[in-house]
Amino acid sequence: MAFDYSLDFNEIDFRKEPEKYRVGRGEQGVLLVEPYKSEILPHWRFKTPAIARESSEKIYEMFLEYKKKDDFVGMDMARKFLQMGYTRARRYTNYKGGRKYDKNGNVNERAIDEEKAKSAAIFEVKWKMAREDAEYLKMKKAHQKKYG
């Protein structure tokens with residue numbers, strides 16, 4: 001089931017109404033689903049490898065806390081933020097200022113930023129740990145079976 005963008009995200013507390021949450025593909029909905037967005041977003045940073053390490057460790061720690069509370073939606077949102085840390089750092093690795101396209105829609109020339117590449121690699125490790133977590137996978141399957 002695809003992520004449902006038709007919902008009124010300003011009105012839904014997904015912790016209280018997890019049945020309304022759909023996993024979607026990749027990072028879909030990562031900046032919409034509350035209260036998780038507000039809990040995780042302040043910790044999401046990747047400017048330098050040291051900042052990325054601190055950020056990814058904190059978000060992974062949050063993933064584990066959600067897991068302890070049997071909060072699948074929280075786990076999935078933490079996984080999405082880890083994935084987004086990886087993908088955004090990769091974008092900044094390849095394109096100065098993170099801009100793949102210029103104002104005319106043409107692809108900008110690649111310029112590899114080794115610092116951002118290290119940040120991306122740091123996030124990638126934690127993202128893989130989250131997405132491959134056995135309990136997460138079990139809860140994901142159960143959530144999708146029950147709610148779509």
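Before we move on, is residue 4 under 16 Å from residue 143 (Cα atoms) and not hydrophobic (A, V, I, L, M, F, W, C)? Yes. Restricting the first member to segment 58-70 and to residues that are closer than 10 Å to residue 43 by Cβ, and the second to residues that are of a type in the set (Lys, Arg) and exposed (fewer than 13 other Cβ atoms within 10 Å of the Cβ), no beta-carbon pair is closer than 6 Å while six or more apart or on different chains.
Take residue 79 and tell me if it is within 18 Å of residue 15 (Cα to Cα), of a type in the set (D, E, K, R) and crowded, with 18+ Cβ neighbours inside 10 Å. Spelling it out, residue 79 is indeed within 18 Å of residue 15 (Cα to Cα), of a type in the set (D, E, K, R) and crowded, with 18+ Cβ neighbours inside 10 Å. Scanning segment 28-43 for residues that are surrounded by fewer than 18 Cβ atoms within 10 Å (Cβ to Cβ) and in a loop (DSSP other than H, G, I, E, B) yields a total of 5. Within segment 44-88, the residues that satisfy the criterion of being outside any helix (DSSP H, G or I) and either among the charged types (D, E, K, R) or within 20 Å of residue 134 (Cα to Cα) (or both) are 45, 47, 69, 70, 71. Of all residues in segment 90-116, those satisfying the criterion of being touching a helix residue (DSSP H, G or I) at 6+ places or on another chain (Cβ under 9 Å), within 21 Å of residue 50 (Cα to Cα) and either among the aromatic types (Phe, Trp, Tyr) or surrounded by fewer than 12 Cβ atoms within 10 Å (Cβ to Cβ) (or both) are 92, 112, 114.
Taking the conditions exactly as written (farther than 14 Å from residue 122 by Cα and surrounded by fewer than 19 Cβ atoms within 10 Å (Cβ to Cβ)), does residue 53 satisfy them or not? The answer is no for residue 53.
Looking across 39, 27, one residue alone is within 28 Å of residue 145 (Cα to Cα), among the charged types (D, E, K, R) and under 12 Å from the mean Cα position of the chain (by Cα). It is 27. Please enumerate the residues belonging to segment 101-130 that are modelled with pLDDT of 95 or more and not small (Gly, Ala, Ser). Those that are modelled with pLDDT of 95 or more and not small (Gly, Ala, Ser): 118, 122, 123, 124, 125, 126, 127, 128, 129. The numbered conditions (1) assigned to a loop (DSSP other than H, G, I, E, B); (2) under 24 Å from residue 125 (Cα atoms); (3) charged (D, E, K, R) are all true for residue 15 except (2).
The values are calculated or read from the model by the stated rules, or taken from the named source; none is laboratory data. Quick caveat: nothing in here was measured; it's all calculated off a predicted structure. Using ideal geometry, Cβ is built from the backbone for each residue, glycine included, and neighbour counts are taken over all protein chains shown.
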